[in-house]
1. Select, from SER128, SER107, the only residue that is of a type in the set (Gly, Ala, Ser), modelled with pLDDT of 90 or more, over 26 Å from PRO198 (Cα atoms) and surrounded by fewer than 18 Cβ atoms within 10 Å (Cβ to Cβ).
2. So if I check each of ASN177, ASN171, which one is at pLDDT below 90 and within 20 Å of the chain's Cα centre (by Cα)?
3. Residues to consider are ASP101, ASP67; find the one that is among the charged types (D, E, K, R), out of contact with any Lys or Arg (no Cβ under 7 Å at 6 or more places or on another chain) and within 22 Å of LEU211 (Cβ to Cβ).
4. Can you say whether SER41 is surrounded by 12 or more Cβ atoms within 10 Å (Cβ to Cβ), closer than 30 Å to LYS79 by Cα and of a type in the set (S, T, N, Q), as far as the supplied structure shows?
5. Tally the residues that are among the basic types (Lys, Arg), under 23 Å from SER209 (Cβ atoms) and either in a loop (DSSP other than H, G, I, E, B) or modelled with pLDDT of 90 or more (or both), restricting the search to region 4-47.
6. Of all residues in region 55-88, how many are surrounded by fewer than 16 Cβ atoms within 10 Å (Cβ to Cβ), of a type in the set (Lys, Arg) and either more than 21 Å from ARG184 (Cβ to Cβ) or in contact with a Pro (Cβ under 6 Å, 6 or more places away or on another chain) (or both)?
7. Just need a number here: residues in region 161-184 that are among the hydrophobic types (A, V, I, L, M, F, W, C), touching a strand residue (DSSP E or B) at 6+ places or on another chain (Cβ under 7 Å) and outside any strand (DSSP E or B).
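The values are calculated or read from the model by the stated rules, or taken from the named source; none is laboratory data. Everything numeric here is computed off the predicted structure, so don't read it as measured data. Using ideal geometry, Cβ is built from the backbone for each residue, glycine included, and neighbour counts are taken over all protein chains shown.
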Amino acid sequence: MAKKKDSFEKKFKDVILSYPDKNRFRFVKAMKEIAKIAEHSISNGEYGKFCPKMEKKLSKALEICKDYEMNCDAVENLKQHAFNKKNCSSIHTVKCPKWEDFKKEMSEHLEELPKRGFVYIAWRLNPSFVFYIGKTESDEGERILELTRHNTLTRAIEKGATQFTIIFPSNSVNIGNVEGSFIRIIETLGYELLNLKPQSFNPWEGELSKLEKFFGEMQKKVRRYNKE
């Protein structure tokens with residue numbers, strides 16, 4: 001009998017992993033705008049000198065491309081290190097205990113789980129809301145058990161978190177990577193988190209990086225022919 005799908009996976013996995021395909025049209029539109037601006041610059045003999053209007057359009061298009069690329073990086077990190085059971089990652093969601101019962105109930109829950117650091121998410125199923133995403137490097141989870149020292153997690157519980165998800169990434173090295181990736185993509189999906197620190201996660205080689213390499217190769221070829 002197949003194992004029942006975790007409620008967090010059921011709610012968010014497909015939405016997160018489908019982000020690149022569903023939003024690629026914005027990236028493609030921005031790339032076409034960049035090509036159009038480049039064509040306009042060359043045809044007018046400006047070669048990279050842009051008027052304020054074109055400069056603004058170019059900056060906006062590049063911003064859209066970079067934003068899309070970073071979101072795709074976050075999705076790829078989660079695909080590889082959070083949602084990939086073949087990489088020894090796992091997700092466990094339980095009903096979020098009340099503040100006064102949190103330490104006791106979560107200690108009992110952690111007893112049944114792997115003894116290593118993890119990412120955790122305090123959220124509500126209905127109506128859907130994600131309150132806080134954090135991490136602990138400790139294999140005992142002390143950071144989340146002492147709520148008197150964790151004001152943000154306390155606020156998440158007080159605001160109505162009904163679910164508490166624990167995510168074990170593929171390995172301990174990727175705990176911060178997975179945390180930052182979840183923060184990035186959950187905020188992109190429109191949830192207002194209590195997290196204050198900026199996201200930090202590993203980049204992949206995306207389309208904008210390839211575009212930069214393309215222009216770099218073009219520059220090399222032009223320079224070579226210019227010297228002949």
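1. Numbers: SER128 fails: over 26 Å from PRO198 (Cα atoms).
Answer to the check: SER107.
2. Values: ASN177 fails: at pLDDT below 90.
Among ASN177, ASN171, only ASN171 is at pLDDT below 90 and within 20 Å of the chain's Cα centre (by Cα).
3. Being among the charged types (D, E, K, R), out of contact with any Lys or Arg (no Cβ under 7 Å at 6 or more places or on another chain) and within 22 Å of LEU211 (Cβ to Cβ) holds for just one of ASP101, ASP67, which is ASP67.
4. Working: surrounded by 12 or more Cβ atoms within 10 Å (Cβ to Cβ): yes; closer than 30 Å to LYS79 by Cα: no; of a type in the set (S, T, N, Q): yes.
Criteria not met by SER41.
5. Quick first cut of region 4-47, residues among the basic types (Lys, Arg) only: 4-5, 10-11, 13, 22, 24, 26, 29, 32, 36.
Among the residues that remain, those that are also under 23 Å from SER209 (Cβ atoms) are: 22, 24, 26, 29, 32, 36.
Then keep just the ones that are either in a loop (DSSP other than H, G, I, E, B) or modelled with pLDDT of 90 or more (or both); that gives 22, 24, 26, 29, 32.
Total meeting the criteria: 5.
6. The number of residues fulfilling the criteria is 3.
7. So in region 161-184, the residues among the hydrophobic types (A, V, I, L, M, F, W, C) come out as 161, 164, 166-168, 173, 175, 178, 182-183.
From what is left, the residues that are touching a strand residue (DSSP E or B) at 6+ places or on another chain (Cβ under 7 Å) are 161, 164, 166-168, 175, 178, 182-183.
Among the residues that remain, those that are also outside any strand (DSSP E or B) are: 161, 175, 178, 182-183.
Summing the residues that are among the hydrophobic types (A, V, I, L, M, F, W, C), touching a strand residue (DSSP E or B) at 6+ places or on another chain (Cβ under 7 Å) and outside any strand (DSSP E or B) in region 161-184 gives 5.
To keep it simple, each residue is scored yes or no on (1) basic (Lys, Arg); (2) in contact (Cβ under 8 Å) with a residue 60 or more places away in the chain; (3) touching a Gly at 6+ places or on another chain (Cβ under 6 Å).
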site: GLU9; (1), (2), (3): no, yes, no
site: PRO20; (1), (2), (3): no, no, no
site: LYS36; (1), (2), (3): yes, no, no
site: LYS49; (1), (2), (3): yes, no, no
site: LYS60; (1), (2), (3): yes, no, no
site: GLU69; (1), (2), (3): no, yes, yes
site: ALA74; (1), (2), (3): no, yes, no
